[in-house]
Amino acid sequence: MAMAELVIPFGDPRDDQLPLEELIRKSERRLIQENIVARAGRSSLYVRPWRKAGVRAGAPRTLDDLQRWPLISGADWLQAQSAFPLQRLFVEPPRLWVSSAARGNTRKWVPYGERDLREIMGLANRMSRLVQLNSCDRVLIVTGPAPRTGNALPYLWAMADMLSGGRHLEFIPGSMATLKHSNWPIFAGRMKPAVLWASMADALALRQPLLEAGWPVAGSAAPTATSRKGLFFGHAMGDDRAALEYAYDLEAHSLYFSAEFPVLAVECPAHQGLHLWLDACLPEILPRSELERERSEAGYQPQAIWLTGAAEGAEGELVATTFGQSLPLVRYRTGDLVRMVGSSPCSCGCTHPRIEALGRMEPGAG
Ligand SMILES: [Zn+2]
């Protein structure tokens, strides 16, 4: 009964191809109708930064109006985590807690509510659709250990595909944490998956064990003949792309997400950047010049611009506003550097803007 009511969003391929202006207006409406800023204001995350900036949890009337609210950062998150009861971090009861990747006490804990999980599932289906996974593709998905977000993804993705993705995907989870004392690399290598999902560092480290276990030898087919795909994340792919494509005999796609911002931006088959889903977030960018000024001028408040208005090639820190149910993000500095690739329609047909994920900002910056 409950399952029948479980609606998985982002299932309509037409939403991948709406005109950019329509996508922006849709998100603006959602921001206002769902009262995102007022809801966010109930979380401890915003108490200090908003008080300091002299704003209240109110109702922005437009996207530009939203930019009156201050930027918040990972430091604010850690502050809220340590200074307030944890029950004040979320605004609606979570179903799942995950953490960011940082070490020790600097891990941010992120609550996902029911709708948040459904959105992640919908975005996982969308990822399958955008990179054109085939029916019955077998996916080796190498995740970080719990409590990292990726740890939940094989199960969420499998459920999403079962409920509404319709690709009959088959998942084999693996983890670097058990690489030395489990036979999963041998098992997975022998199963010859069509898709490898891993961080770039893990994919590079797994080359030898997987090849020894029977992963098809590189160069056995012309690159255009292979239907194998790699979904890689963690840092800018750069020269690793060719190495990974050769080693695994696959077509590489870059992927971007984080615990706080699980948007699953993914590179399409046109390989012209990662599509950042504009109906799942309101992205801004803090240009490098602003970041530099912030570093050199004490107390300077850097100014972000809407990503869709950024010039092609512009680089900076990604700032995200989300429609989170358990904890909406309002102008959250992700700490991730991105490059704007373009917001004109992509040759794949998708109209959502394209970015390149350049990796984490250097420690101490921002
Ligand atoms: Zn595209």
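Residue under question is ARG56, and the condition is that it be free of Cβ contacts under 8 Å to residues at least 40 places away in the same chain, surrounded by fewer than 14 Cβ atoms within 10 Å (Cβ to Cβ) and outside any helix (DSSP H, G or I); does it hold? When the stated conditions are applied, ARG56 passes them.
Please indicate, with yes or no, whether at least one residue in region 305-313 is in contact with a strand residue (DSSP E or B) (Cβ under 9 Å, 6 or more places away or on another chain), within 16 Å of the ligand (Cβ to nearest atom) and not in a helix (DSSP H, G or I). The answer is yes; a qualifying residue exists. Consider region 343-366 and keep the residues that are on the phi < 0 side of the Ramachandran plot and assigned to a strand (DSSP E or B). The one that is farthest from the ligand (Cβ to nearest atom) is ARG360. Determine if region 322-334 includes at least one residue that is over 23 Å from PRO9 (Cα atoms), surrounded by fewer than 21 Cβ atoms within 10 Å (Cβ to Cβ) and either modelled with pLDDT under 95 or away from the ligand (no atom under 16 Å from the Cβ) (or both). No, there is no match, as no residue in region 322-334 is over 23 Å from PRO9 (Cα atoms), surrounded by fewer than 21 Cβ atoms within 10 Å (Cβ to Cβ) and either modelled with pLDDT under 95 or away from the ligand (no atom under 16 Å from the Cβ) (or both). For first residues located in region 34-49 and in the same structural domain as TYR332 (by TED's automatic domain parsing), partners that are of a type in the set (S, T, N, Q) and lie 6+ apart or on another chain with Cβ distances below 7 Å form the pairs ARG48/GLN79. Of all the residues in region 161-192, those that are small (Gly, Ala, Ser), surrounded by 15 or more Cβ atoms within 10 Å (Cβ to Cβ) and outside any strand (DSSP E or B) number 4.
Rundown of residues vs (1) farther than 22 Å from ALA311 by Cβ; (2) under 13 Å from the mean Cα position of the chain (by Cα); (3) outside the structural domain of LEU291 (by TED's automatic domain parsing), yes/no style:
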residue	(1), (2), (3)
GLY324	yes, no, no
VAL330	yes, no, no
GLY342	no, no, no
CYS346	no, no, no
GLU356	no, yes, no
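Within region 292-300, the presence of at least one residue that is farther than 14 Å from ALA357 by Cα, more than 16 Å from the ligand (Cβ to nearest atom), modelled with pLDDT of 95 or more and among the aliphatic types (A, V, I, L, M) is confirmed. Pick from region 87-140 the residues that are at pLDDT 95 or above, away from the ligand (no atom under 16 Å from the Cβ) and of a type in the set (Val, Ile, Thr): which of them is nearest to GLN17 (Cα to Cα)? Taking the candidates together, the pick is ILE120. Taking the conditions (1) in a loop (DSSP other than H, G, I, E, B); (2) over 18 Å from the mean Cα position of the chain (by Cα); (3) among the hydrophobic types (A, V, I, L, M, F, W, C) in turn, PHE261 satisfies each one other than (2).
Taking each residue of region 178-198 that is under 12 Å from PRO216 (Cα atoms) and looking for partners that are of a type in the set (Asp, Glu) and part of a helix (DSSP H, G or I) with beta-carbon atoms closer than 9 Å, six or more apart or interchain, yields GLY189/GLU212.
Sort out which residues of region 59-88 are part of a helix (DSSP H, G or I) and touching a Pro at 6+ places or on another chain (Cβ under 7 Å), and write them in order of number. Spell out how you get there, then give the answer.
Restricting attention to region 59-88, the residues satisfying the condition of being part of a helix (DSSP H, G or I) are 63-66, 74-83, 86-88.
Within region 59-88, LEU66, ASP76 qualify.
Exactly one residue out of VAL91, VAL142, VAL110, VAL98 is assigned to a strand (DSSP E or B), under 22 Å from VAL319 (Cα atoms), in contact (Cβ under 8 Å) with a residue 60 or more places away in the chain and in contact with a helix residue (DSSP H, G or I) (Cβ under 7 Å, 6 or more places away or on another chain): that is VAL98.
Being in contact with a helix residue (DSSP H, G or I) (Cβ under 7 Å, 6 or more places away or on another chain), basic (Lys, Arg), part of a helix (DSSP H, G or I) and more than 26 Å from PRO302 (Cα to Cα) is the requirement here; does ARG48 meet it? Lay out the reasoning, then the answer.
Working: in contact with a helix residue (DSSP H, G or I) (Cβ under 7 Å, 6 or more places away or on another chain): yes; basic (Lys, Arg): yes; part of a helix (DSSP H, G or I): yes; more than 26 Å from PRO302 (Cα to Cα): no.
No.
Is it true that some residue in region 264-281 is within 16 Å of the ligand (Cβ to nearest atom), charged (D, E, K, R) and farther than 24 Å from TRP97 by Cα? So far as region 264-281 goes, yes, one or more of its residues are within 16 Å of the ligand (Cβ to nearest atom), charged (D, E, K, R) and farther than 24 Å from TRP97 by Cα.
The values are calculated or read from the model by the stated rules, or taken from the named source; none is laboratory data. Not measured: the values here are computed from a predicted model. Cβ atoms come from the backbone with ideal geometry, glycine included; neighbour counts cover every protein chain shown.
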